[in-house]
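Asker: I'd like to ask some things about the structure below.
The values are calculated or read from the model by the stated rules, or taken from the named source; none is laboratory data. Computed from a predicted model, the values in this text were never measured in an experiment. Ideal geometry is used to build each Cβ from the backbone, glycine not excepted, and the neighbour counts take in all protein chains shown.
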Amino acid sequence: MHVRFHAPGLEPGDRSAVLSAEESGHAVRVLRVRRGSEVRLFNGRGYECEAVVENPAPAGLTLRIVGPVCPRPEPRVRLTLAQAVLKGDGMDEVVRDAVMLGVRAIVPVVSARAETDRARLLKARRRERWQRIAVSSAKQCGRAVVPEVHEPVTFEEIVAALADPIRLMLAEPAVEGSAALDLSSLPGPVSAALLAGPEGGWTASEVSLATSSGWARLTLGSRTLRADAAAAVAIPVLQYLWGDL
């Protein structure tokens, strides 16, 4: 396993790089890298390279670029996860797992049963926290792409905004009367969107609005899943059916 660091300003052709103070401090104080240590850098946009530490300064570690490496392949289907904002730190785990599973973007959604609102989320700078978690997860799982975590939106906004060829809403079978979607009938799309609900599930009006806007209802069966685990269960199932694992 290579030690990996995020260098968002890194470009193909660069011969040297300087890590941020946060990355540098982690490298020196936690990972104990030294002069001559061989590491990997990635810019979060798909480029990764090998590098050698030249000056392990905790405020600005400098590295010499050795050469590019082939990053791990990204999923063919560009999947956006629209996740209803969860209580406490539940969103932290959702973001961490979604990045690990290969999503291309994460949109926090303020649903009817959310215990917060957009103004409070913006004031608490939660998006910045979730973006840092996305970077950390990409470092750990070997991805060279860091998914963008968007600013929180309302349920009505996300239902109307996304126009992917396939839009799926995770919903409990007991809430609505329409038949569950047959996943085996879905072709592998270029992009897709997955809408995952809050604790307590969606309201009937939310389900009605989504389905009338073209979202297909998807159930994962009779087992009751935690809200912070539902997307992590659904994503690999979809990837398997689309031949995208």
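Yes/no per residue for (1) within 21 Å of residue 137 (Cα to Cα); (2) modelled with pLDDT under 95; (3) out of contact with any helix residue (DSSP H, G or I) (no Cβ under 7 Å at 6 or more places or on another chain); (4) among the basic types (Lys, Arg):
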residue	(1), (2), (3), (4)
3	yes, yes, yes, no
25	yes, yes, yes, no
28	yes, yes, yes, no
32	yes, yes, yes, yes
40	yes, no, yes, yes
43	yes, no, yes, no
48	yes, no, yes, no
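Asker: Then there's this: What are the residues in segment 20-44 that are part of a loop (DSSP other than H, G, I, E, B), within 24 Å of the chain's Cα centre (by Cα) and farther than 16 Å from residue 144 by Cα, if any?
Answerer: Hit for segment 20-44 is 20, nothing else.
Asker: Could you tell me whether any residue of segment 87-105 is more than 28 Å from residue 207 (Cβ to Cβ) and not basic (Lys, Arg)?
Answerer: Within segment 87-105, one or more residues are more than 28 Å from residue 207 (Cβ to Cβ) and not basic (Lys, Arg).
Asker: Tell me whether segment 85-102 contains one or more residues that are surrounded by 16 or more Cβ atoms within 10 Å (Cβ to Cβ), in a loop (DSSP other than H, G, I, E, B) and on the phi > 0 side of the Ramachandran plot.
Answerer: The answer is yes; a qualifying residue exists.
Asker: Go through segment 119-169 and report how many residues are closer than 27 Å to residue 9 by Cα and either surrounded by fewer than 19 Cβ atoms within 10 Å (Cβ to Cβ) or of a type outside the set (Gly, Ala, Ser) (or both). Break it down stepwise before answering.
Answerer: The initial filter retains those residues of segment 119-169 that are closer than 27 Å to residue 9 by Cα, namely 122, 124-152.
After this cut, where a residue has to be either surrounded by fewer than 19 Cβ atoms within 10 Å (Cβ to Cβ) or of a type outside the set (Gly, Ala, Ser) (or both) as well, the list is 122, 124-133, 135-136, 139-143, 145-152.
So the answer is 26.
Asker: What do you reckon, is residue 119 free of Cβ contacts under 8 Å to residues at least 40 places away in the same chain and not assigned by TED's automatic domain parsing to the domain that holds residue 31?
Answerer: yes
Asker: From 106, 65, grab the single residue that is β-branched (Val, Ile, Thr), touching a Cys at 6+ places or on another chain (Cβ under 6 Å) and in a strand (DSSP E or B).
Answerer: Answer to the selection: 65.
Asker: Right, here's the next one. What are the residues in segment 125-162 that are in a loop (DSSP other than H, G, I, E, B), hydrophobic (A, V, I, L, M, F, W, C) and over 23 Å from residue 201 (Cα atoms), if any?
Answerer: The answer is 144, 146.
Asker: Right, next: Starting from residues that are of a type in the set (S, T, N, Q) and modelled with pLDDT of 90 or more, keep the ones in segment 208-245 and report whichever is nearest to residue 137 (Cα to Cα).
Answerer: Filtering segment 208-245 for residues that are of a type in the set (S, T, N, Q) and modelled with pLDDT of 90 or more, the one nearest to residue 137 (Cα to Cα) comes out as 239.
Asker: Any chance segment 45-57 includes a residue that's part of a loop (DSSP other than H, G, I, E, B) and either in contact with a His (Cβ under 8 Å, 6 or more places away or on another chain) or more than 30 Å from residue 244 (Cα to Cα) (or both)?
Answerer: Yes, some residue in segment 45-57 is part of a loop (DSSP other than H, G, I, E, B) and either in contact with a His (Cβ under 8 Å, 6 or more places away or on another chain) or more than 30 Å from residue 244 (Cα to Cα) (or both).
Asker: Which number in (1) closer than 30 Å to residue 154 by Cα; (2) in contact (Cβ under 8 Å) with a residue 12 or more places away in the chain; (3) surrounded by fewer than 18 Cβ atoms within 10 Å (Cβ to Cβ) marks the one condition that residue 44 misses?
Answerer: (3)
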